[in-house]
1. Modelled with pLDDT under 95 and surrounded by 15 or more Cβ atoms within 10 Å (Cβ to Cβ) - does that describe any residue in the range 19-27?
2. So, of the residues in the range 74-130 that are acidic (D, E) and farther than 17 Å from G31 by Cα, which turns out to be surrounded by the most Cβ atoms within 10 Å (Cβ to Cβ)?
3. For residues that are of a type in the set (V, I, T) and in contact with an Asp or Glu (Cβ under 9 Å, 6 or more places away or on another chain), scanning just the range 28-71, find the one that is surrounded by the most Cβ atoms within 10 Å (Cβ to Cβ).
4. Applying the selection to the range 1-18, what residues are surrounded by fewer than 18 Cβ atoms within 10 Å (Cβ to Cβ) and either at pLDDT 95 or above or in a loop (DSSP other than H, G, I, E, B) (or both)?
5. Regarding the range 107-123, can at least one residue be identified that is among the small types (G, A, S) and on the phi > 0 side of the Ramachandran plot?
6. Do we have I64 as under 18 Å from R2 (Cα atoms), among the β-branched types (V, I, T) and either modelled with pLDDT under 95 or in contact with a helix residue (DSSP H, G or I) (Cβ under 9 Å, 6 or more places away or on another chain) (or both) here?
7. Which residues, counting only those in the range 52-77, are part of a loop (DSSP other than H, G, I, E, B) and touching a strand residue (DSSP E or B) at 6+ places or on another chain (Cβ under 7 Å)?
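The values are calculated or read from the model by the stated rules, or taken from the named source; none is laboratory data. What you see is a predicted model, and the numbers here were worked out from it, not measured in a lab. All Cβ positions, glycine included, derive from the backbone under ideal geometry; neighbour counts span all protein chains shown.
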Amino acid sequence: MRIRVIATGGTIDKVYFDAASAYEVGEPQVGPVFRESNVTFDFVVESVMQKDSLAMTDEDRGLIRARVDASPERLILITHGTDTMTATAAKLEGFKDKVIVFTGSMQPARFRNSDAVFNLGCAVGALQSLPPGIYIAMNGVVAPAHTVKKNRAQSRFEPKG
């Protein structure tokens with residue numbers, strides 16, 4: 001099994017930047033998380049951008065779509081900021097032969113109390129067991145991307161109501 005990770009930024013990759021007393025999106029953290037977790041599958045990490053998802057444009061979403069289309073792998077994990085994850089997922093409709101799972105985190109992966117490792121593990125399990133389609137794996141829930149929304153007050157994803 002080989003997974004292509006398309007890293008786009010978001011909280012999962014944020015680092016604390018002391019000089020500015022703020023968070024900035026850094027290098028993709030999925031590779032270090034996978035290595036620390038001693039995974040046994042083959043993976044490649046492709047850093048497409050390092051953006052907060054609120055700063056993403058339609059052109060950025062087009063680039064993500066182009067990278068998914070160009071990928072020789074059929075299992076695609078996209079790390080993404082949670083605020084506009086569903087908007088990007090909607091731009092990927094139409095891939096018939098790929099399993100695409102979006103995930104991210106509410107706390108940076110470098111933080112001890114981050115949900116990143118759990119969400120990444122859940123996403124990898126989803127990639128291995130789901131039929132082709134576009135999914136979101138967050139907070140222990142895996143669902144078709146068009147059926148969920150972010151609940152900012154509760155810091156989680158839940159079914160659209």
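1. yes
2. Ranking the candidates gives D83 first.
3. It comes out as V30.
4. M1, R2
5. In the first step, residues of the range 107-123 are kept if they are among the small types (G, A, S); the result is 109, 114, 116, 121, 123.
When the remaining residues are screened for being on the phi > 0 side of the Ramachandran plot, the result is none.
No, that holds for no residue.
6. Working: under 18 Å from R2 (Cα atoms): no; among the β-branched types (V, I, T): yes; either modelled with pLDDT under 95 or in contact with a helix residue (DSSP H, G or I) (Cβ under 9 Å, 6 or more places away or on another chain) (or both): yes.
No: the conditions fail for I64.
7. Taking the range 52-77 and keeping what is part of a loop (DSSP other than H, G, I, E, B), we get 52, 56-57, 71-74.
Scanning the range 52-77 gives D52, S71, E73, R74.
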